[in-house]
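One structure is given here, and the rest of the page talks about it.
The numbers here are math on the coordinates, done by the rules we state, and not lab data. If you're wondering where the values come from, they're calculated on a predicted model, not measured in any experiment. Here the Cβ positions follow ideal geometry from the backbone for every residue, glycine too, while neighbour counts run over all protein chains shown.
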Amino acid sequence: MNEEIITLNIFNILEAVKKNILVFLVIVFSFILLAYLVSITLPSKYEANITLMPVSQLGEEDKTSGLGAVSSLLGNSSISTEIPAWMEATTIMNTREFAKQFILSQKIMNDISAQRGVEIEWNNLTEEEKNIELNKLARYWIANNILVEVDENTNTISFSVFANEPSKAVTWATNYVSSINEYMKEYLSQEAERKIQFYRERYAEESISDIKVSIVNLMTSAIQQKALLTAQDESVFRIIDPAGIATIRFPILPLNLAIGAFLGLLFGFISIIVMISYAQYKKIRV
């Protein structure tokens, strides 16, 4: 008897669907309708993309900053690995401390809080509570609002910002790149000034003429680098394709409708199987 039940369950499903087509369709379209209602209530997510090119600073040896900018931002001066300044900048863009500085400078705490689905009365918070909330916003910003991708083949960086409004996505993307350029410009200028001061002291202490010539060359290079940084706004990233019109990141409505249809079909078949099983169970009991 059990084998007969299994056989009927396998081959009688489509026939049962035909007999109960109205119930089946009601289930499927109910899920599609639910998906549609969810779609129109969810805010759309817009993406603003900027294509960046690393800015060359004199020679390859002058483009390294030794992770000093990262360690300075994080309050740690023990890191000394030499990497290109633009690569260091991409690391800084994904740090919580830089995200906190940007959120504060742009005064977008309420915007990011709204994306998190949390309303916060900033004026009623203590300084400690504000710092805790800023840390949460910074982590959310890095995880959900920005994306940094480096293309090693073209030596370009794709930077994207996501927001619930297209104008905000464009503004935040543009300002974020400006902020990282300003931060790196200030740091690299200070680093160049420290080098110049160091070379001057070494020059005054050195007595060997060949070494003094080498020190002069190094000091000249540092002076030139500082002059370049002073003259240009784009210290590490040059924008080659600015953020124009933000586009919808995910087609929420079509995607949700497809998911709704799939779940409706799945649940419809499960319902038919349950109906068949229940009908056969009653026959067995009789």
Next item on the list: Using a cut-off of under 19 Å, list every residue of segment 152-179 whose amide N is near the label point 7 Å from the Cα of ASN110 along the Cα-to-beta-carbon line.
Entry: 163-169, 171-172
Check: Going by the alpha-carbon gyration tensor, a ≥ b ≥ c the square roots of its eigenvalues, is segment 155-286 rounded (a/c under 1.5) or, if a/c is not under 1.5, prolate (a/b greater than b/c) versus oblate?
Finding: prolate
Margin query: Counting other beta carbons within 10 Å of each residue's own, what order do ILE196, ILE27, ILE273 fall into, fewest first?
Written below: ILE273, ILE196, ILE27
Checklist line | Positive dipole terminus of segment 134-255, leading residue within TYR183, SER158, VAL236 (C-beta point charges) | finding: TYR183
Next item on the list: Give me the distance in nm between label points sitting 7 Å out from Cα along the Cα-to-Cβ direction at LEU263 and LYS130, one decimal.
Entry: 4.1
Next item on the list: Take the Cβ-Cβ distance between PHE198 and GLN101 as r, set R0 to 22 Å, and report the resulting FRET efficiency rounded to the nearest 0.05.
Entry: 0.20
Notebook entry, point to check: Once you charge only the Cβ atoms, +1 for Lys and Arg and -1 for Asp and Glu, what is the size of the charge dipole of segment 100-165 about its Cα centre, to the nearest 20 debye?
Noted result: 80
Notebook entry, point to check: With each label point set 7 Å from Cα along the Cα-Cβ vector, what nm distance links VAL118 and ASP151?
Noted result: 3.7
Margin query: At R0 = 41 Å, how high is the FRET efficiency between ILE248 and ILE273 if r is their beta carbon distance? Nearest 0.05 is fine.
Written below: 0.60
Margin query: Counting other beta carbons within 10 Å of each residue's own, what order do GLU152, GLU191, GLU165, GLU47 fall into, fewest first?
Written below: GLU152, GLU165, GLU47, GLU191
